[in-house]
Amino acid sequence: MKPCIVWQTDFSLDWPFVATMKGVCKQIDDTLDIIDSSHTIAKFNVLEASQQLDYVEPFYPKGTIYVSVVDPGVGTSRKASVARLKDGNYVVTPDNGTLTHLYYHVGIDEIREIDSSLRYQGTENVSVFHGRDIFAYVAAKLASQQINYEQVGETYPLDDIVLLDYQYLQTYVTTSEIDGIVSNVSDPFGSIVFNVLTDDFKKVGYQEGDMVRITLSYQDKKYFDEDVLYEKSFGFVNIGEPILFNASSNYMSLGLNQGSFKDKYHVHAGMDYKVHISKASNL
């Protein structure tokens, strides 16, 4: 059985780039199973690409080929790569930080730089669409079993993999408080996600039904500082009120019941968007 190809890009579906990549795959093998994960990753946001890969990767059969193209360095000396994960899946991607979460959470068994000869013929003079000309082409060749992993290109040291700052993943946990960052704001309903694992949050001793103090700041200026209910889902608070909950990604998330927290408070993701979690102020 041929592995499926799972795609994510920052291309959007408002122009024909995604369809063009799929066309390359279908030319190579029209029986390939091609599945869209997301094409609305924030432009050039490698951190979000890394997180999205980490979220979707466990839910597909082993041997799946993931293609991630968020590539602000397209056409430069950054490596085009195929990583073999320790769980048997593969990621075809520019090596620009996209592999960060999988590197720490799943592990990378081996990585190869795609040989320059492996590209869609007739595009040799194009340097701005490697998603079509290299990544889609190589993924299709692998999925159709026209080449094997060893034929992708030469291996290079795992220590050379480009990784984002570990602070994107790390939180600072004490006996009662947690410091982290807003790591993701891509939820179409407007909830935001912290780099705080649900397990770490529970280790501090918080339980569903507790009120928790959430302080959000940007460059040391607070823009949200309230006690928020921690519960299973949105329906435990009134419409428009904030709720802290376990996101499906196993990270802590903050949202509004039938509203967009991101839009109301103009939240973005990144190292400068801090979160401090502590006991409610009335405790």
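The values are calculated or read from the model by the stated rules, or taken from the named source; none is laboratory data. Note that the structure is a prediction, hence the values are computed from the model and not measured. Cβ coordinates were reconstructed from backbone atoms using ideal geometry, including for glycine residues, and neighbour counts include every protein chain displayed. Ligands, DNA and RNA are stripped out before the accessible areas are found, and what is left, the full protein with its side chains, is counted by its heavy atoms. Shrake-Rupley method; radii C 1.70, N 1.55, O 1.52, S 1.80 Å.
Data overview
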| read-out | value |
| --- | --- |
| The chain, dipole about Cα centre (Lys/Arg Cβ +1, Asp/Glu Cβ -1), debye to the nearest 20 | 280 |
| Across LYS62/LYS202; LYS26/LYS86; LYS222/LYS264; LYS222/LYS274; LYS22/LYS79; LYS43/LYS262, pairs whose alpha-carbon gap is larger than 19 Å | LYS62/LYS202; LYS26/LYS86; LYS22/LYS79 |
| Diffusion coefficient, µm² s⁻¹, Stokes-Einstein with Kirkwood Rh over alpha-carbon pairs of the range 175-277 at 25 °C and 0.890 mPa s | 184 |
| Selection from THR98, ILE108, SER191, by position along the positive dipole direction of the chain (Cβ) | SER191 |
| Neighbour net charge for ILE178 - beta-carbon separation under 13 angstrom, K R +1, D E -1 | +1 |
| GNM top mover of SER50, SER77, SER176 - the chain, alpha-carbon springs below 10 Å | SER77 |
| For Cα Rg over 2.2 N^0.38 Å, calculated from these coordinates, the label among (i) 1.03; (ii) 0.94; (iii) 1.09 | (iii) |
| Value of relative contact order over the range 73-205, rounded to a whole percent, pairs C-alpha under 8 Å and six or more apart | 21 |
| Local electrostatic count at HIS105 - Lys and Arg +1, Asp and Glu -1, tallied over other residues with Cβ under 12 Å | -2 |
| Accessible carbon and sulfur surface of the range 153-283 relative to its total accessible area, %, 1.4 Å | 48 |
| Nearest-ten-degree value, helix 17-28 long axis tilted from longest Cα axis of the chain | 40 |
| The chain: most fluctuating residue of VAL126, VAL92, VAL46 per GNM, C-alpha cutoff 10 Å | VAL126 |
| The range 164-249: trypsin sites (Lys or Arg not before Pro) in DSSP loop, at most 16 other beta carbons within 10 Å | LYS232 |
| Overall dimensions of the range 1-119 as given by Cα atoms, namely Rg and Dmax in Å | 13.5, 36 |
| Relative contact order computed over the chain (Cα-Cα under 8 Å; 6+ residues apart), in percent | 15 |
| Added length on full extension, which subtracts the Cα-Cα distance from 0.36 nm per residue, ALA42 to ASP87 | 13.4 nm |
| The range 195-258 - percent relative contact order, Cα under 8 Å, separation 6 or more | 30 |
| Accessible surface, per residue, of the range 169-219 when the full set of protein chains is kept, probe 1.4 Å, Å² | 47 |
| C-alpha center-to-center spacing [the range 171-236, the range 247-283] in angstrom | 5 |
| Residue-wise HN-Hα coupling along the range 236-247, computed from phi with Karplus coefficients 6.51, -1.76, 1.60 (Hz; x: Gly, Pro) | 7, 10, 5, 4, x, 8, x, 9, 9, 8, 7, 6 |
| Cα-based Kirkwood hydrodynamic radius, the range 78-197, one decimal, Å | 16.4 |
| Average accessible area per residue (Å²) across the range 1-146 - probe 1.4 Å, nucleic acids and ligands excluded | 42 |
| Of all DSSP beta bridges in the range 48-124, antiparallel share, percent nearest 5 | 75 |
| Carbon and sulfur %, accessible surface of the range 1-117 computed with the full protein complex present, 1.4 Å | 53 |
| Helix 46-56 vs. the chain, principal-axis angle (Cα, 0 to 90°, nearest 10) | 90 |
| Rounded to 5, percent antiparallel among DSSP beta bridges of the chain | 75 |
| Proximal charge balance of ASN89 [Cβ under 15 Å; K/R count +1, D/E count -1] | -1 |
| Sites ASP30 and ASP159 - FRET efficiency at Förster radius 30 Å, r taken between beta-carbons, to 0.05 | 0.15 |
| Linear extension gain, LYS221 paired with SER116, 0.36 nm per residue minus alpha-carbon span | 33.0 nm |
